[in-house]
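Working notes, structure below.
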Amino acid sequence: MKTVVIADEEANMRACLAYLMKRAGFAVREAFDGDGALAAVRNGELPDLILLAVDLDGRDGYEVCQTLRNDPQTNAIRILMVSSKALAVEKEKGMALGADAYVTKPFSNRKLVDQAIRLAERRI
């Protein structure tokens, strides 16, 4: 079973994403802030995918992404950034820091799940 870490400060969004990912066959771990996201990734077996919100308390999603990419133990994990920030510069920043994909809210549930599955299957 593939594992996903969902990091989002909004409880409703975490619940929605967790529901979608569980229905798609993922085991789910959750975090509500940047430090929690890093802990959820490093506690236990490494996840196959991270759904990472940009807006997180403490360390934001960009910093979490960069931290994971700079660590040899976590740099192969697929990262799908989820954000309400739709400006091209925001997406470019996420991709430059190592995100594998960047999705803006509102998003299609089906497209998000399909993209998550594709990313999790392509783990390096």
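The values are calculated or read from the model by the stated rules, or taken from the named source; none is laboratory data. Small disclaimer: the values here were computed from a predicted structure and weren't measured. Using ideal geometry, Cβ is built from the backbone for each residue, glycine included, and neighbour counts are taken over all protein chains shown.
Miscellaneous remarks
- Residue list for the stretch 79-94, filter: at pLDDT 90 or above and over 18 Å from L56 (Cβ atoms): E92
- Residues being free of Cβ contacts under 8 Å to residues at least 24 places away in the same chain, under 18 Å from R14 (Cβ atoms) and either part of a strand (DSSP E or B) or among the hydrophobic types (A, V, I, L, M, F, W, C) (or both) - total across the stretch 77-124: 2
- Condition check for L68: touching a helix residue (DSSP H, G or I) at 6+ places or on another chain (Cβ under 6 Å) and crowded, with 21+ Cβ neighbours inside 10 Å: no
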